[in-house]
Amino acid sequence: MEKTPVRQSLLRRIAWLGADRRLVGMTGMLCAALGWTMFMGLGLFYGLSIALPCAIFFGSLWAFRRMYKADPWMADVLLRHFRYAKYYPPRSSRRKQLPPIRDYTK
């Protein structure tokens, strides 16, 4: 039986600046929009319109890098957690019955 080599480049997640690309891209766009809005609104205080979005971006980039280093799939797990939160309510034990969930989509 012949073994097929598995390429790491096909299994590795695409990262921008060392973090998940979706999170970095969205944060970058939001910080750019915040900076532009502040620059147009504040005018003379343009230093603040550069410093605050940069601080937010690099602070979130630090958190996203730590998250990506711990688990490259953690962004997907976090999004799935928010999407299905009402289907997995917290319980005090595994044996406790789940409360009835009304589904109005049907």
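The values are calculated or read from the model by the stated rules, or taken from the named source; none is laboratory data. Keep in mind that this is a model prediction, so the values were computed, not measured. Cβ coordinates were reconstructed from backbone atoms using ideal geometry, including for glycine residues, and neighbour counts include every protein chain displayed.
Things to note:
- Subset of segment 70-90 that is of a type outside the set (A, V, I, L, M) and in contact (Cβ under 8 Å) with a residue 40 or more places away in the chain - its residue that is surrounded by the most Cβ atoms within 10 Å (Cβ to Cβ): Pro72
- Residues satisfying the stated conditions in segment 38-58, i.e. aliphatic (A, V, I, L, M) and surrounded by 14 or more Cβ atoms within 10 Å (Cβ to Cβ): Met38, Leu52, Ile56
Per-residue answers, yes or no, for (1) more than 30 Å from Arg12 (Cα to Cα); (2) of a type in the set (Ser, Thr, Tyr); (3) at pLDDT 95 or above; (4) outside any helix (DSSP H, G or I):
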| residue | (1), (2), (3), (4) |
| --- | --- |
| Gly25 | no, no, yes, no |
| Met29 | no, no, yes, no |
| Met67 | no, no, no, no |
| Pro90 | yes, no, no, yes |
| Ser93 | yes, yes, no, yes |
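- Among the residues of segment 1-23, the one identified as part of a strand (DSSP E or B) and in contact with a Lys or Arg (Cβ under 6 Å, 6 or more places away or on another chain) is Ala19.
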